[in-house]
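So the structure is just underneath, and the comments pick up after that.
The values are calculated or read from the model by the stated rules, or taken from the named source; none is laboratory data. Remember, predicted model here, so these are calculated numbers, not experimental data. With ideal geometry, Cβ positions are generated from the backbone for all residues, glycine too; neighbour counts draw on all protein chains shown.
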Amino acid sequence: MLFYIFAALAILSGAYMVLTRNLLYAGFSLLVTLLSVAGIYVLLYADFIAITQLMVYVGGVLVLILFGIMLSSRVHDKSVVSENVNTVWGPTISALVLIGLSYIILKSNISALPWLQTADTTVLNQQKSTVQSIGIKLMTDFVVPFEVASLLMLIALIGAAYIATDNQKV
C-alpha cells in the first residue's frame with residue numbers, strides 16, 4: 001500500500017513539475033518527487049541508496065536549484081515563469097511513449113527471465129543494513145575506482161574554486 005502511495009505521489013508531483021509555469025513551484029514539486037523516490041528506495045530495502053538520494057539530490061542539488069531560482073527570479077518585482085511552447089507536441093509524444101512502454105512491459109513475460117528465477121531472496125529476510133557490505137566492497141574490491149572518482153571530484157572542486165575567484169590573470 002505504501003508503495004502505491006509513494007508512486008502516485010512521485011507521478012503526480014513530477015507531472016505538476018513539468019506542467020507548471022512557475023519555476024519556484026516546479027522546484028518544490030521536484031522536492032516532493034525526490035522525497036517520494038527515496039521512500040520507494042526504503043521500501044525496497046535499499047537504505048544506502050535512499051540516504052544517498054536524500055543527501056545528494058535533496059540536500060545538495062535541489063537546494064542549489066531552489067536558491068538559484070529564488071535569487072534570480074525577482075526581476076522588477078515579477079516572478080519568472082517559463083514559456084510553454086510545445087503545449088500540443090509535448091503531451092502527445094509523452095502519452096505515446098507511455099502507452100508504448102506500458103504495452104511492452106505488459107506483453108513481456110518478465111517473471112520468466114532467468115536471472116529473476118534464480119534471484120537471491122535472502123535480502124528480503126535480512127534486517128541489517130546494506131551499508132556495511134557496500135563499505136566492505138568499496139574498500140576491498142573497488143578501491144581503485146573509488147579513489148579515482150574521489151580524485152576527479154577533488155580536481156573539479158579545485159577548478160570550480162579557481163573559476164569563482166575574481167583575481168584571475170589571463
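State the number of residues belonging to region 17-34 that are over 15 Å from Phe6 (Cα atoms) and assigned to a helix (DSSP H, G or I).
Number of matching residues: 9.
Against the conditions (1) over 30 Å from Leu138 (Cβ atoms); (2) at pLDDT 90 or above, where does Ala38 fall short? Just the number, please.
Going through the list (1) over 30 Å from Leu138 (Cβ atoms); (2) at pLDDT 90 or above, Ala38 breaks only (1).
Quick one: is Thr52 more than 26 Å from Gly135 (Cα to Cα), β-branched (Val, Ile, Thr), part of a helix (DSSP H, G or I) and modelled with pLDDT of 85 or more? Steps first, please.
On the way: more than 26 Å from Gly135 (Cα to Cα): no; β-branched (Val, Ile, Thr): yes; part of a helix (DSSP H, G or I): yes; modelled with pLDDT of 85 or more: yes.
No: the conditions fail for Thr52.
Please identify the pairs in which a residue from region 92-111 that is outside the structural domain of Ile11 (by TED's automatic domain parsing) and in a helix (DSSP H, G or I) has its Cβ atom under 8 Å from the Cβ atom of a residue that is at pLDDT below 85 and of a type outside the set (A, V, I, L, M, F, W, C), counting only partners at least 6 apart or on another chain.
Ser111/Gln117
What number goes with the only condition from (1) exposed (fewer than 13 other Cβ atoms within 10 Å of the Cβ); (2) modelled with pLDDT of 85 or more; (3) more than 30 Å from Val131 (Cα to Cα) that Val85 does not pass?
(2)
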